[in-house]
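The values are calculated or read from the model by the stated rules, or taken from the named source; none is laboratory data. In this text the structure is predicted, and so the values were computed from the model without any measurement. Reconstructed Cβ throughout: ideal geometry from the backbone, glycine too, with neighbour counts over all protein chains shown. Accessible surface areas use protein heavy atoms only, side chains included; no ligands, DNA or RNA. Shrake-Rupley method; radii C 1.70, N 1.55, O 1.52, S 1.80 Å.
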Amino acid sequence: MSEKDGLRTYRDKRHFDRTSEPSGELSARDEAASTDDEPVFVVQIHDASTMHFDFRLEVDGVLKSWSVPKGPSTDPHDKRLAIPTEDHPLEYRDFEGVIPEDEYGGGTVIVWDRGTYRPTSHDRRDRPVPFAKALEKGHATFELHGEKLRGQYALTRFHGHEEKSRGSAAKPTWLLVRTGQHPGGGTPDPRRARSARSGRTLRQVAEAPEGDAPEGDARGGERK
Ligand code: MN
């Protein structure tokens, strides 16, 4: 699996005539031109069959994604399981709304946090390592500049013993850990948490999914 798996898996899983999620047809070039030099990140809360947080980092024109069941913690003592999911298009960072029940990932999504990040991985000689390469090697460090999450975090790949014994079918699992010095408030209650984009809770978005989706509406007519 190359990092240029691109968005094929993402598109294969979805019916864009039924879900309001972005298809990712906007070119990465147009998107990149509209953002600052620093890559972006987003954390979405997704009230699907199981409540979870989706942690996404911009890498090479897509959002590398992990499902984090308990959500990122600001407490360095918390090691949070992070399960890789398919790359998402950059536009997904703005997605907030309701995915229809019968569709992939059916449920309500809010943008819990967003901002930029600075890769901070270095090799043994203290030279900066490109972020994509750090991920490939299974350990990447970065500093988040979000509205809620700020400071140093690390993503580290590991394989559980049980998974190893099952051979190549086993999926790698990662840990997301706050590595900075200043413990914060832990993890939010996903049902009370508010969107960094609209200020709304999951429930408010679920009750009025069309209430605040200007970009989705604007792009709706452009679909082929
Ligand atoms: Mn999800």
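If we sort 38-51, 66-79, 116-129, 188-201 on the protection proxy, mean other Cβ atoms within 10 Å, highest first, what's the order?
Listed from highest to lowest mean packing, they are 38-51, 66-79, 188-201, 116-129.
Applying 1/(1 + (r/R0)^6) with R0 = 25 Å to the Cβ-Cβ distance of S198 and T50, what FRET efficiency is obtained, to the nearest 0.05?
0.60
How do E101, E25 rank by accessible surface area computed with a 1.4 Å probe, from largest to smallest?
Descending order: E101, E25.
Pull out the extension gain between R18 and E103, defined as 0.36 nm times the separation in residues minus the alpha carbon to alpha carbon distance; nm, one decimal.
29.8 nm
Write down the Å³ per residue value for the convex hull defined by the alpha carbon atoms of segment 40-87.
Once divided by residue count, the hull of segment 40-87 is 82 Å³.
Given a cut-off of 19 Å, name the pairs among K148/K171; K70/K148; K13/K137; K64/K171; K79/K133 whose C-alpha atoms lie farther apart than that in the structure shown.
Where the Cα-Cα span goes over 19 Å, the pairs concerned are K148/K171; K13/K137; K79/K133.
How charged is the neighbourhood of V68? Take every other residue with its Cβ under 9 Å from the Cβ of V68, and add Lys/Arg as +1 and Asp/Glu as -1.
+1
Quick one: with all protein chains in place, what share of the accessible area of segment 46-140 is carbon or sulfur, to the nearest percent (1.4 Å probe)?
That fraction is 49 percent.
Length gain on complete extension for the stretch R8 to D189, per 0.36 nm per residue less the alpha carbon to alpha carbon distance?
Full extension from R8 to D189 adds 61.9 nm.
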